[in-house]
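> Before I ask anything, let me first share the structure, which is written out below as structure tokens.
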Amino acid sequence: MQPTRAKETYNDQIVRLFLLAAAVWGIVGMSIGVYAAAELAWPALNFDIPWLTFSRIRANHTFGVIFAFGGSALIGTCYYVVQRTAHTRLAFTALANVTFWGWQLGCILAMSTMPFGITQSKEYAEPEWFVDIAVAAVWVSFGVVFFGTLAKRRIRHIYVANWYYGAFIIAVGLLHIVNNIALPVSIGKSYQVYSGTVDALVQWWYGHNAVAFFLTAGFLGMMYYFVPRQAQQPLWSYRFSIVNFWALISIYMWAGPHHLMFTALPDWVQSVGMAFSLVLLMPSWGSAANGLLTFNGSWHRLRSDPAAKFMVLSLVFYAASTFEGSLMAVKTVNALSHYTDWTIAHVHSGSLGWVAMITIGSLYAMAPRALGRPAMHSHKGMELHFWLHTAGTLLYVISMWIAGVTEGLMWRATHPDGSLVYPFIDSLIAIKPLYVVRWFGGVLILTGMVVMAWNLWHTAADARARLINPIPVPIPEPEPHQVPAPLPAQG
């Protein structure tokens, strides 16, 4: 008689820790953003305190939302998805725990040093060298856990969500290390090995591809798992998802120079960035279409499922913001939009519309299963969150679109003799009411995040009573000749 194998269960303890961290960091990062927006409308709110000025706290807002909130959500959902699509328990449990505590420590170190001027002053890469080294070590550990889990998978097929997660892990690690090569001269100061135009090019190779792989590829991995589950039917086209994957990762790496239009960068490099940005529209819209068409036959779920609403609207914003990004990369359009609040509108259309909404929808879909509950604590709370976030995002983006176009037109208006029609201060006066609208939109979004945190806290009541011990979710046995499917049978 053969021995009976003990029932193996998923490790959802680490998933729940990242779920909690994402909820907390979402409130922290967006609170800082709301305060920064208030300072633009009412500058006296900095109280003449250096570490409270907009230029200092703005970096804390972007880091807190992108890396602390978004990073925690990405790593948590990655650990959740890879176990269920590989039909195996997460590899290296102790190392997985290190990735949680290490990531939180890195975020705290970055956000507690940047307001006091301990910063490299590089977009999305502000933390100094000692934080960069700690983050790199955590990221490598994250990769070891993820690929170690794939290596011991119990089914041959690797589902497409894991392709995106894998590309996200490899590319972000490469970008982080190359862009942050520096020579430390003290504990709080270092100098980049790059200089001048080369430094700018490397920075925006990193900056744009942080958007490409951290804020796009990672969240597409999230989308390709949770959208079919929430639609309760298979992915519209699995082959199309693979085509989009290879197209996306092949093209995105070359689009960074569009951030440096009309600068000292050679003109041919700017043109290369523009060309690849236009081509990039195809795989971006391909993924958005694949996600939306997955809901064919399930559109009725939008009436009763707030998580599905978040996911569908996130895909609409993804399609819109990627079209807008390609449009803004065209030199003639860029001449109007660059350095204006139109860029801010575009960034937040993608971050609040695409990234935040697919994250929130995925967290609402994942949380009850990870916490051993049949559903979220409050369905009405989820509905309220959806409308708060949607209204806030639209107010924010539309106000900044108007402000950006206003700025661009006023700055380029000239008299026949070439002198400017408007002094710079006139453009600030013209857009100040729109800054107030943006601040109010941020307040609505932050209120929605508080509602989500309250809902998650009550949903986790049973798990807290069990001291967050792993809930025994059995791992299903793979079928002998399992065909590629978007989801496993359970979980």
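The values are calculated or read from the model by the stated rules, or taken from the named source; none is laboratory data. Remember, predicted model here, so these are calculated numbers, not experimental data. Glycine gets a Cβ as well: all are built from the backbone with ideal geometry, and neighbour counts include every protein chain shown. The area values use the complete protein model at the heavy-atom level, side chains included, leaving out ligands, DNA and RNA. Shrake-Rupley method; radii C 1.70, N 1.55, O 1.52, S 1.80 Å.
> Can N209 be described as modelled with pLDDT of 95 or more and polar (S, T, N, Q)?
So N209 fails the test.
> Inside region 362-382, can you point out the residues that are of a type in the set (A, V, I, L, M) and in a helix (DSSP H, G or I)?
Result: L363, A365, M366, A367, A370, M382.
> Evaluate region 75-97: report whether one residue or more is among the hydrophobic types (A, V, I, L, M, F, W, C), open to solvent by 20 Å² or more (accessible area, probe 1.4 Å) and part of a helix (DSSP H, G or I).
Yes, because at least one residue in region 75-97 is among the hydrophobic types (A, V, I, L, M, F, W, C), open to solvent by 20 Å² or more (accessible area, probe 1.4 Å) and part of a helix (DSSP H, G or I).
> Further question: Filter region 111-127 down to residues that are free of Cβ contacts under 8 Å to residues at least 24 places away in the same chain and on the phi > 0 side of the Ramachandran plot, then give me how many there are.
1
> Please indicate, with yes or no, whether at least one residue in region 429-446 is modelled with pLDDT of 95 or more, of a type in the set (A, V, I, L, M), over 28 Å from the mean Cα position of the chain (by Cα) and open to solvent by 40 Å² or more (accessible area, probe 1.4 Å).
Checking region 429-446: at least one residue is modelled with pLDDT of 95 or more, of a type in the set (A, V, I, L, M), over 28 Å from the mean Cα position of the chain (by Cα) and open to solvent by 40 Å² or more (accessible area, probe 1.4 Å).
> Kindly list, by first and then second residue, each pair from a residue in region 296-318 that is touching a residue at least 12 places away in the same chain (Cβ under 8 Å) to a residue that is outside any helix (DSSP H, G or I) and open to solvent by less than 20 Å² (accessible area, probe 1.4 Å), limited to pairs with Cβ atoms under 8 Å and residues at least 6 apart or on different chains.
R301/F295; A308/F295; A308/S298; V312/F295
> Out of (1) under 30 Å from L428 (Cα atoms); (2) crowded, with 16+ Cβ neighbours inside 10 Å, what's the single condition that is false for W25?
Every condition holds for W25 apart from (1).
> Right, something else. What number goes with the only condition from (1) more than 24 Å from V355 (Cβ to Cβ); (2) in contact (Cβ under 8 Å) with a residue 12 or more places away in the chain; (3) surrounded by fewer than 17 Cβ atoms within 10 Å (Cβ to Cβ); (4) among the acidic types (D, E) that D199 does not pass?
(2)
> Could you tell me which residue of region 156-196 is farthest from W129 (Cα to Cα), considering only residues that are surrounded by fewer than 18 Cβ atoms within 10 Å (Cβ to Cβ) and of a type in the set (G, A, S)?
Among those that are surrounded by fewer than 18 Cβ atoms within 10 Å (Cβ to Cβ) and of a type in the set (G, A, S), it is G196.
> Quick check on region 29-74: of everything there that is assigned to a helix (DSSP H, G or I) and among the hydroxyl-bearing types (S, T, Y), which residue is surrounded by the fewest Cβ atoms within 10 Å (Cβ to Cβ)?
The extreme case among them is S55.
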